Each structure stands twice: as C-alpha cells, then as structure tokens.
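Okay, structure first, notes after.
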Amino acid sequence: MKYVVSVSKTYTHRGNHRHKSTTKKRWHIYYYDEDGNFRTQRVSWLQALYYKAQKRKRLKYFCTDCGNAFLGFVKSSKEELECPYCEF
C-alpha cells in the first residue's frame, strides 16, 4: 500500500544545478511504502490527478491509555486512529 504525501511537478534530472528554460518537468508522487521507507515515483498526469485525491498526512499520535506514541497516515487531522499497542 502506498501512503501518498505529496504530488508535484519536478524536473526530470534533479540535482544541485540550474535548469534551462527548456528542461522538461514531469509529475512525481512522494509516498511511504509498507516498510515505512520514503520513496518517489514518476507518474502520468492522469495518475497525478488520482493521487492528489488520495493524499494523506503523516501525523504523530499519543495514546493516553498506554502512554505510547505512534505514527498514523490520515486524510484529515480530525480523523481518530486506534492505538496499535493497546490490548482490547
């Protein structure tokens, strides 16, 4: 599962240099994979529209019951997550 955090247009050859005005830009998504690694991927403009609707926020939550902190990917900051460490 991809947790998309950003969709933007960037230069095809990125780096620490100035680009010419003729340098092409492409759509890229920035996401976290299942292992929690931050990755980037080039996508088409149609996929970029889809992923813009699927963007999530990476928020740090604190459980008042068990006192543990955990990371969650939510669409809205008002969304509540259950603590993965608490036993039900």
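Values in this text are rule-based calculations from the coordinates and carry no lab data. Predicted model, so just to flag it, every value in this text is computed and none were measured. Here the Cβ positions follow ideal geometry from the backbone for every residue, glycine too, while neighbour counts run over all protein chains shown.
Brief remarks on what is shown
- Considering the range 42-81, and only residues there that are surrounded by 11 or more Cβ atoms within 10 Å (Cβ to Cβ) and of a type in the set (D, E, K, R), the residue that is nearest to residue 12 (Cα to Cα) turns out to be 42.
- Residues that are closer than 12 Å to residue 40 by Cα and either of a type in the set (S, T, N, Q) or exposed (fewer than 10 other Cβ atoms within 10 Å of the Cβ) (or both) within the range 1-10 comprise 6, 8, 10, listed in sequence order.
- Residue ID - nearest to residue 72 (Cα to Cα), chosen from residues in the range 11-36 that are surrounded by 13 or more Cβ atoms within 10 Å (Cβ to Cβ) and more than 13 Å from the chain's Cα centre (by Cα): 27
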